[in-house]
Structure formats: structure tokens, C-alpha cells
Amino acid sequence: MADRHAGSTDSTPVAAPQSQTAVAVLEALHSSEHGLERQEVSVRLERYGPNSLPRGKPPGLLRIFMRQFASPLIYVLGVAALVSLLIHESSDALFIAAVLLVNAIIGTVQEFSAQRAADALQRLVVTRCRVLRVGEIYEIDAEELVPGDIVLLESGDRVPADLRLLQSRDLEIDESLLTGESENVLKHAEQILPADSPLGDRVNMAFAGTLVSRGRGRGVVVATGLGTELGRIAEAVLGRPPTKPPLLLKMERFTHTVAAVVALAALLMGGVALGRGMPLEEIFLLAVALAVSAIPEGLPVALTVALAISMRRMARRHVIVRRLVAVESLGSCTFIATDKTGTLTVNQLTVQRLLFAGEPPWEVTGEGLKPEGVILTPRGTPDPAQEALLEQLCRAAVLANEGLLARRDDDWTRQGDAVDIALLVMAHKAGIIQAETRQAFPELASLPFESERMFAASLNQVDGRSLAFVKGALERLLPMCSQMATPEGPRPLDAELLERQARELASQGFRVIALASGPVELGEGEVFSEEHLRELLLIGLVGMIDPLRPEAKAAVTACRRAGIEVGMITGDHPATALAIARELELAQDARQVVTGSELRQTEDDPQQLDRLVRRSRVFARVEPQQKLDIVRSLQRSGHFVAVSGDGANDAPALRAAQVGVAMGESGTDVARQTADLIITDDNFASLVAGVEEGRIAYGNVRKVIFLLISTGAAELVLFTLALFTGLPLPLLAVQLLWLNLVTNGIQDVALAFEPGEGDELNRPPRSPREPVFNRLMVERVLLSAAVIGGLAFLLFQWLLAQGYSVDEARNGTLLLMVLFENVHVFNSRSETRSLFRHSPLRNPLLLFGTLTAQLIHIGAMYTPGIREILRIQPVSPQHWLQLLGLTLSVLVVMELHKWLRRWR
């Protein structure tokens, strides 16, 4: 990410900006409040370089290659090669070294590919920011920022560079990344501070990497890249090695445990062998053979590859995995708490109805986000009185608005919240243009929208007076108003009438926004606040429609089939929420909808809250803290919760849930930073697809584990039986190395590419307390190990009894074990579904990989040099077919086991 410019000493062009006025900083940067010109941006980008920090450098190929040798088992094999040299078995020593080299190459390729895939997915998550250039707002990649740029901040943003604040409105920033302080810092742009003021006290600055918790701000970039405060500590903050997911840690611990058990078993068996007079070098080779056969050394790398493949598949279905633990957790989800707007709906709000007190609804024509259409009363075109009322409504919609609608390069550019854009489109249809209106009525102050506030307000100069314009939820605006507008003029407020009209509109699925205005007198030095919003005129109501996504209902149905309950949490009117819930079959009547006011009454009574949450799946007019309360209540009721969110205030709920899901298109930087998963298209169906892929991923991990553990256990059974019956070693250490290389070295990775079985969403969620080695896994491992190891031992014993030499018996036993593992990999494809209902062509990599493994072994039988080292020789086709028939026994036994479990 960093390049030759990133470390430029020029990347901090202003010294101690906190000690200078905003005007002085702008002058020093040769910038202005309107921002830089495009040509100047290009010059500065060339001079200062991209606004980026060096990522923790991933290990290179050589380092990954050397890491393959950092293992106790590798050390044991190295000693085995040395011992082989000492006892003049140089061919064995060379073969062991060659196998170690090939294993290291395979492990390097697998790990490097997995690492590149993970890095590629993380690069899909790009930080964007809004800048002012030549007086116009643009949304750009944060890397394109240069010193002198004017950056606009709002709640949920990640600060993209070090800024000297020019304006701040209730701006609070979480600076814990830099200072370690958990308290948000309230910013004051107008203050001037000493040059040596501590970092945490610089309230007129905003620093790269910190998170805007609430409010709005505007600042000029004073440092980028390594010149920022974050850049100075980048190595310490960003260079930490990534933590491994819990599943990999469990498997590594399991591998170490198995190694310890095998070491103990080797000591015991060595003691038995020594008592029988076996030479010490043979005892050592026996211990090596046991270690090679039983320790699943390749398991962590195989699982890393399996998880990397799953992440790629999830990305193709619009799900970016930020934390690998989420892949494991998705399979246990029993409840998805989702937003409505943009997740269940298409997030293309369009104003279709206008309501004025006591008047029938007006119609707004036109679809989508282009300002094309007209506004009609029930009688047609508005008369002059109605026209004046409409203009008043549209003016409030434009001024109490943080969005942008402008025509650039013969196309419409839109930025901001969906509600704001819908209001701007509506006003444009009435002939009220945003730029002209803002220029005619300059903004004096504002109260930006925050979800806990549920309204936004702007104070503007209108004909020499200060007028407030407010938009928000009707129930928040009603206490602020004393009058309501009608075509005949203002009248005393009739709250019941307006609430009834709003309910009727909301019951049809419309999202209802109220608009109001009124004069505000500010005293000397007084700051515009909510307390000034009194005795206002409620102008009217706006009804917006946001259609349900076509695939949403099918996705909710799929969740039910998968044993997952779905709950909808929204800030919308209860009637609007109920209308959408009816379409999704989440609720049928208003009694099934819980409102924020009802939740507020249970704040001191968790048991009452739990009863309320248990009986409902639709929550309306919910505040951010209440969303967190709902998640915790669901968890107390035993649910494993996935929750979606897009705002800064959703972060606590995302953090508390077992799986936090952020929206990629509409989500804030704070939400994306907190979440485990990011849905790139904001679609609920993609979240359900993520659940399905998560279940497939976990299933594939179990399949790889089963294959490696069961084949290792089978080899252990073979050796144990041979030792305790006094027979020679059934396989030499080099033969075991070859067996594991030629089968598991190919088949475990191919198995990780296994597609879904098709019924993942027809199964109940997996218990989060269920271990990987559950009863089913243990049964299957013990059964297959007994069959494979037992039959291989019987063959070895029979061949010796028939007068075959030890080398000939080992040759037949090795071929049998290779065939067993070739056949057994197909048993690993499903724990429950019959092999005969699972076409091998669905995973061609596994089919051809298995055939390749067998052909490699047959080729080794005919290859001079290799066959002498392995002490193997060709067999007749008849002998090969007989052994293949014997290996099919494990297939029959495992099929019977599946049938018995289904029957039970």
C-alpha cells in the first residue's frame, strides 16, 4: 500500500497546526474553505504521494518456505535421516530429505496462495471520504487525499488524514487507537492550543484512523500517510501479526496433544521392542514411523487453505469476511436481527405522497432517483394557495438536508442519506433547486441528524430573519409545534388529526417524514440547540416508498427452513414496519410489533424485556441503545445472534452479537470496522447466502479433519497390531512418508474445494458448544481406522504366512494403504449423504487428484531408483484389482454406518 512517496519528509507541511488559527493554516497550505483545484491536487499527489500507511509486510516466499521446517515432527525426521546416514542407509536419508523438501514446497504453495487470497479480499474494503474541491462535494478514495484538501466528517466516518478542524458541530471522536482513552473527545474547531499540547488535548484537530462517534465537522488536511500521528506509530499499531482464528488454534493444540500422546506411545512400544531384543536403530525407526503415521502435521495448513477457499466463495456471493471466526460462527446462528431499509428493501426511497393537515393525499409522480415527474393534488395541478404551501414544504426539505443532488458531466450525482436524496428529488420536481435555495437562504447553524435524536434542523437567514427548518419523525416534531399549515393558512395544531393521517399512510408501507419551520431568536453568543425549536409550524408530511427486495421473502423463508429466526429492527413508524413485516410473514397484526417506547418501559426490568422480545419479531422506532438491549435479550434467551447494522451507533450491537454484519454500500466506517462480515450489496439475501457458505465452509473443515485424522489413526492401528503380535514393521518410515505425501498431500487440498451438498439450509443450526470432534466424528474415525488398519494388518500377516518375504509383504501392504486412502477420501465427502447420491464430477479436482495419486504410486513401482528406495515393485493387474476390491470394504462399512444413523 505504501510506496516511495509514503515516507516523504514533506508529508507534514504545517508545523503545530493546533497552535494556529484555521485561517493561518489554510494560508500556509495555499488552500481555502472552498478546497483545492483539480490541477493542484494532481501536483500535490505527485509531491506528497498517496495518503496511505505501510501494511504489515506479509511474509515472502522464502520465509514461508523456511517456516515449513519449524516443526517438532520435521526435527524428528531430520534426525531419522541423520541416523540413516550413520547406519549407511544413504538412500533412505536422501529420500527422507527429498520428501521433506517436496512437503515444504507443497505447504509453501498452499500457504502463499491462501495468504494472497486473504489479502485480495481485504483490499476490496476501501475507505472513502467526502471532500470539497472548488466548492463542490466529491466522494473519493482516502488514498487520493492531499494536504490542503477540505474533508467533511459525519458520524460513522473514519478520519482519513490528520485535519485541522475548520468547523465542528457536536463533533465527538473516538481516539482510543492513538491515546488509549475510551472516552470520546468533544471537538472545538475555534480553539487555539499551545504547540506542545498533548495529543489527547488537541480538541481542534482530528487524527487519521480515529472514528467519528457523533456530530459533524469540516477540516483541512495537514498531514497524510506516514506524516500523520498514526503514521508515526504505524509499525507498532499496524505491524502486529494477525491473530489466528479459534478453529486453527484448536487444531494446533490438538496436533500438539496428539504429538505428546504419540511420543508416550512410542516410548512404551520402544520398551516392548527393546525387551524383545530389537536393535536400537530399528526401535528408533519404529518411533519415527509412529510419529509420521499418527501426527496430523499438515492439518493447520490444510485448514488454512480450506478457510481461504471459503472466503473466496463468500466474496463471490457479496460477503467479505473480516474475521475468520465468523465463518465458524455462522453455522451456529439461530437468530438474525436485520435492518429494514436497504437490507430487506432496495434502499431507493422515492417520495410518492404528500399530506397536509385535513387534506387528501397529493401524488408525486416519477420513479427512481432521477428528478423527473410532477406533483399533483387530487384535482390535478396545484392552485396558487396550494403552490405556496408546496413551496414552503420543499424549501424545508432542501434546507434541513445534508444530501447532494447535482448534475455533473450530463448525469445526476447523488451523495448522502437515502431520505435526504429522496427529499431533494421531490423538491426538484416542484422546481425548488438545492444550490439556488441554499444560496438564497444562507445557513447560520444546524443540528445534524443522529439516530437517537430522530430529527435534523437547519437555521437559515430568510428575508432578514432567522428561520429554523426541521425534518424528522412526526412524534418528535409534534411537541415542537403549535400550529399546522393548510392551504387556507396556519391553524392551531391538531395532533390527533396528523397522527391519524400518518398512521393511514404508514399502514400502506410508506415511510413518513414530517417537516416544520419557524422563527428562532438567538441571543448574543447563544448556540443553536433543540431548546430553540418551539412554537413551530408543522408544514406537512411526506410519504416515501422503499420497495421490498424481490428476493427478500424467499431469503426469510430459507432462514426458517434452516432453523434460523429472523427479526426486523427499524427506526421507522410501527405501521410502516408492520406493512413490510406482513409481506415477509414476520407479523400479521400490530400486537406483534414492539415499539421503542415499550422497550423504554422495561429498562430496569430485564425479565420483562425478555418476555417482550420473545413474543415479537418486529421492532419499530428503535433507538441504537435499544438495539443492543434486544441483542442481549436474545442471547439471554439462548439465541446465537447475527445482527446487521450500518450506522456508527450500531457498533455496540455489532460488537455484542456473535456475528456482526456491516453494510458495504451504505455502512459507515465505524460499522465496517466493528463487524465480522461485510455485505457488499447490502442485501439480506446475501447475508443468508453467507450463512449457507459458512455452513459449507465448516462442513469442509470437518471433512478435511476427518480424512487426515482417520487415515493417521488407521496407520497407528496397523503398527500397534503388528507390534503386539510380534510381526516386523509393516511399513518402513520412508514408505509411510511416501504414503502421506502421495495421498494426503494431494487429497486434503482437493477436498477443501468440495461444493455444498445442497441441503445446508435444510439443517438446524449447529450448537456453538458442539466440539469439532463430536460423537459422529469420533464414531466415523474409530470405525474407518479399525477397518483400514485392521484389514491392512491381516493382509500383511497373510502375505508373511504365505511365504512372501517381508519386503514383498510391505509392498502389498503399502499399495493397499494407498488404495484405501484413495477410496476413503470419497467417504469424507459427506457425513450423512450416501456416496452414491454424490456425483464425483461435482468436485473434478478431487476425482482427478485421487487418480493422479494412484498413478504416481504405480509409476513409482516402475521407476528405477525410487522403487529401490521405497523397496516396492510392480504388481500384476489381477493383484491390483484384488486389493482394490478389498479397499471397497471401507466404503461399504461407512455406507452402512450412514444408513444406520439415518434409520435411528
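The values are calculated or read from the model by the stated rules, or taken from the named source; none is laboratory data. In this text the structure is predicted, and so the values were computed from the model without any measurement. Here the Cβ positions follow ideal geometry from the backbone for every residue, glycine too, while neighbour counts run over all protein chains shown. Side chains included, ligands, DNA and RNA excluded: accessible areas come from the protein's heavy atoms. Shrake-Rupley method; radii C 1.70, N 1.55, O 1.52, S 1.80 Å.
Annotations
- Summary value for the chain: 12 percent relative contact order, contacts being C-alpha pairs under 8 angstrom separated by 6+ residues.
- Taking the Cα centre of the stretch 795-837 as reference, the dipole from Cβ charges on Lys and Arg (+1) and Asp and Glu (-1) amounts to some 300 debye.
- Linear extension gain, LEU85 paired with THR720, 0.36 nm per residue minus alpha-carbon span: 225.9 nm
- The stretch 334-401 has equivalent-ellipsoid semi-axes of 30, 13, 13 Å, by the square roots of 5 times the alpha carbon gyration tensor eigenvalues, sorted largest first.
- Each Lys or Arg adds one and each Asp or Glu takes one away; over the other residues whose Cβ falls under 12 Å from the Cβ of PHE753, this sums to +3.
- Compared with the dominant Cα axis of the chain, that is its longest principal axis, helix 418-429 is turned about 40°.
- Computing FRET efficiency as 1/(1 + (r/R0)^6) for LEU522 and TRP903, where r is the C-beta to C-beta distance and R0 is 56 Å, gives about 0.10.
- Inter-part distance where the stretch 710-773 and the stretch 845-904 are each reduced to a Cα centre, Å: 14 Å
- Simple spin-label estimate for ALA24 and VAL109 in nanometres, 7 Å along Cα-Cβ: 6.4 nm
- Debye intensity ratio in log₁₀ form over the Cα atoms of the stretch 136-188, taken at each q of 0.14, 0.16 Å⁻¹: -0.42, -0.55
- For ALA161, distant residues with modelled amide H under 5 Å away: ALA208, GLY209
- Length gained when the stretch LEU896-VAL772 is fully extended (0.36 nm per residue, less Cα-Cα span): 42.4 nm
- One quarter of the surface of the convex hull around the alpha-carbon atoms of the stretch 509-659 equals 11.8 nm², the direction-averaged projected area.
- Heavy-atom accessible surface of LYS370, to the nearest 10 Å², is about 100 Å², with a 1.4 Å probe and all protein chains retained.
- Residue among ILE580, GLN501, LEU707 farthest towards the positive dipole end of the chain, charges placed on Cβ: LEU707
- Fully extended contour minus Cα-Cα distance, from GLU535 to GLN588, at 0.36 nm per residue: 15.2 nm
- Calculated FRET value between LEU845 and LEU727, using beta carbons and R₀ = 41 Å, to 0.05: 0.60
- Convex hull of the stretch 329-463 built on C-alpha atoms - directionally averaged projected area, nm²: 12.3 nm²
- In order through the stretch 618-624: 3J(HN,Hα) via Karplus (6.51 cos²θ - 1.76 cosθ + 1.60), integer Hz, x for Gly, Pro: 10, 10, 10, 6, 8, 8, x
- With Cα atoms, 0 to 90° folded angle of helix 90-122 axis to the chain main axis: 10 degrees
- Using alpha-carbon coordinates, inclination of helix 299-316 to the longest axis of the chain, degrees: 40 degrees
- Normalised size of the stretch 667-779, defined as Cα radius of gyration per 2.2 N^0.38 Å with N residues, equals 1.56.
- Across the stretch 294-408, C-alpha contacts under 8 Å between residues 6 or more apart give a mean separation that, scaled by the residue count, equals a relative contact order of 10 percent.
- Of the whole protein surface, SER329 contributes about 20 Å² of accessible area at a 1.4 Å probe radius.
- Antiparallel bridge percentage (DSSP; both residues within the chain; nearest 5): 75 percent
- Taking the centroid of alpha carbons for each part, the stretch 462-512 and the stretch 547-598 are 27 Å apart.
- Dipole of the chain [Lys/Arg +1, Asp/Glu -1 at C-beta], most positive-end residue of PRO864, ALA514, HIS318: PRO864
- Inter-label distance, LEU267 to GLN508: 8.2 nm, where each label sits 7 Å from its Cα along the C-beta direction.
- Relative contact order computed over the stretch 766-857 (Cα-Cα under 8 Å; 6+ residues apart), in percent: 22 percent
- For the set ILE233, ILE137, solvent exposure ranked by accessible area (probe 1.4 Å, protein chains only) runs largest to smallest as ILE233, ILE137.
- Put a plus charge on the Cβ of each Lys and Arg, a minus charge on the Cβ of each Asp and Glu, and nothing anywhere else: the dipole of the chain about its Cα centre is then about 3660 debye.
- Here's the picture: charge each Lys and Arg Cβ at +1 and each Asp and Glu Cβ at -1 in the chain, and of PHE455, GLN592, GLY745 the one pushed furthest to the positive end of that dipole is GLY745.
- With the simple spin-label model, which puts each label point 7 Å out from Cα in the Cβ direction, the ALA97 to ALA15 separation comes to 6.2 nm.
- Dipole moment magnitude, nearest 20 debye, the stretch 592-723 about Cα centre, only Lys, Arg, Asp, Glu C-beta charged: 480 debye
- Computed log10 I(q)/I(0) for the stretch 659-724 at 0.12, 0.16, 0.29 Å⁻¹: -0.52, -0.65, -1.11, from the Debye equation with unit scatterers placed on every C-alpha and solvent omitted.
- Average accessible surface for the chain: 43 Å² per residue, computed with a 1.4 Å probe over protein heavy atoms with every protein chain in place.
- Summarised in one figure, the compactness ratio Rg/Rh of the chain, Cα atoms and Kirkwood Rh, is 1.08.
- With 32 Å as the limit on Cα-Cα distance, the pairs of LYS553/LYS898; LYS187/LYS627; LYS627/LYS898; LYS429/LYS627; LYS370/LYS471 that go past it are LYS553/LYS898; LYS627/LYS898; LYS429/LYS627.
- Note on ASP807/THR832: beta-carbon distance plugged into 1/(1 + (r/R0)^6) with R0 of 51 Å gives a FRET efficiency of 0.75.
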